[in-house]
Amino acid sequence: MGMTMTQKILAAHAGLDHVVAGQLINAKLDIVLGNDITTPVAVNEFNKAGFDKIFDKDRVAIVLDHFVPNKDIKAAAQSKTCREFACSHCVSHFYDVGKMGIEHALLPEQGVVTAGDCIIGADSHTCTYGALGAFSTGVGSTDMAAGMATGMAWFKVPAAIKFNLMGKLPSNCSGKDVILTIIGMIGVDGALYKSMEFTGEGVANLSMDDRLCICNMAIEAGAKNGIFPVDDVTMAYMAGRCERKAVVYSADSDAEYEKTIDIDLSKIVPTVACPHLPENTKPASTLGNIKIDQVVIGSCTNGRMEDMEAAYNILKGKQIADGIRCIVIPGTMQILRECVERGWYTAFIDAGAVVSTPTCGPCLGGYMGILAEGERCVATTNRNFVGRMGHVKSEVYLASPHTAAASALTGYITEYKEA
């Protein structure tokens, strides 16, 4: 029996000719990632275990993004621990204020991750990098500590589900609508510890930003990872960007999948995940009577350039509805700078939005947009659990940048329709 794309990457990193679903392996790591919340815990475990050096200063990445710039004394102490560790071990990929970005937007942009990599990160949305044809998955801080010291990690090889993509998305839809539609179909445990492998002729019609968004939310279906094939779009994105040469893997023709699900992209509609699970999806067009208080456009899911462009095209020359707080958060400093240079920053401000430095902030209820009791938010983030963005009696509706920006203009959940 042949291997899936994920299985081939894991086999290569384990030094094996062949692996099968359920097999336990010990694999070499290309990148070990942590942030300002998870790295201090990993540092503590690293020190407790008696480690005195990291396996490769160029293969560890530490990104301060959740509470940076620091929101309080505890956040400042967390960041200080990260800075001291990065300095003492000469970590090449250390990103702090002025250089940082939201980790899963920053690492692909900076070329830290590449096709064929095996990556772990002490953040559940590390699965984002599957968009580049890499195996990447979230782990706990203890696994991060061991990975930093040894450059190795244990895995159980996942079984796979194939998603056969066909057609092309409507102009008012994006990768966010695709992954919300899929999660609505299969549920938050529909791909539990599986590899979500996206294939088909429709892949070529998805941008890299679409793919990054889709893989980012694979974890919201319970998946171990999400992954796309490496094609011309991938190679163009990586050209002149990545530190290491891409290694391209493709699934065998006789690879085994638990099931195949066909997705016609042309039939995707603007989709919203209603409280309090990402699987609770409904067409945006059916939710127009739901009044909102806040809109957040950003996060590791939708803080990239195409997301900013969608927001700009909808908000420019218009006014955000009275009583609506609209927060725009570019995913990286490079994206923020480009928004400034294109005049989008000014357009957001003129529309009545506030533009933040890159931060995860409101996504996890950290800061920069906490919700009070009874408030509702349309967010381009990835989770809408009870209390995710603030009070346990607040509500988060997950949506694409198109839907979020359109909703900011009306004060109600609104499907964007081009004029």
* Output for segment 370-387, where each listed residue is open to solvent by 50 Å² or more (accessible area, probe 1.4 Å), in contact (Cβ under 8 Å) with a residue 24 or more places away in the chain and among the charged types (D, E, K, R) -> Arg376
* Structure fact -> The condition of being in a strand (DSSP E or B) and open to solvent by 20 Å² or more (accessible area, probe 1.4 Å) holds, among Asn172, Asn164, only for Asn164
* To do: Kindly list, by first and then second residue, each pair from a residue in segment 393-417 that is aromatic (Phe, Trp, Tyr) and modelled with pLDDT of 95 or more to a residue that is assigned to a strand (DSSP E or B) and open to solvent by 20 Å² or more (accessible area, probe 1.4 Å), limited to pairs with Cβ atoms under 8 Å and residues at least 6 apart or on different chains.
  => Tyr397/Arg376; Tyr412/Lys291
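Results for (1) among the hydroxyl-bearing types (Ser, Thr, Tyr); (2) in contact with a Lys or Arg (Cβ under 8 Å, 6 or more places away or on another chain), shown as yes or no for each residue.
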position: Gly50; (1), (2): no, no
position: Ile62; (1), (2): no, no
position: Phe67; (1), (2): no, no
position: Asp72; (1), (2): no, no
position: Ala77; (1), (2): no, no
position: Cys90; (1), (2): no, yes
position: Tyr95; (1), (2): yes, no
position: Gly98; (1), (2): no, no
position: His104; (1), (2): no, no
* Just checking, which of Leu398, Leu409 is closer than 24 Å to Pro275 by Cβ and surrounded by fewer than 24 Cβ atoms within 10 Å (Cβ to Cβ)? -> Leu409
* **Residue count, segment 295-320 (criterion: buried (at least 24 other Cβ atoms within 10 Å of the Cβ), out of contact with any His (no Cβ under 8 Å at 6 or more places or on another chain) and over 15 Å from Thr332 (Cβ atoms))** => 4
* Exactly one of (1) surrounded by fewer than 18 Cβ atoms within 10 Å (Cβ to Cβ); (2) touching a residue at least 60 places away in the same chain (Cβ under 8 Å) is unmet by Thr346. Its number? -> (2)
* Of all residues in segment 247-279, how many are out of contact with any Lys or Arg (no Cβ under 9 Å at 6 or more places or on another chain) and surrounded by fewer than 18 Cβ atoms within 10 Å (Cβ to Cβ)? -> 9
* Restricting segment 192-239 to residues that are more than 21 Å from Leu10 (Cα to Cα) and hydroxyl-bearing (Ser, Thr, Tyr), which is most open to solvent (accessible area, probe 1.4 Å)? -> Tyr237
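The values are calculated or read from the model by the stated rules, or taken from the named source; none is laboratory data. Nothing here was measured: the structure is a model prediction, and the numbers come from that model. Virtual Cβ from ideal backbone geometry, glycine too; neighbours counted across all protein chains shown. In case anyone asks, the SASA skips ligands and DNA or RNA and just uses the protein heavy atoms, side chains included. Shrake-Rupley method; radii C 1.70, N 1.55, O 1.52, S 1.80 Å.
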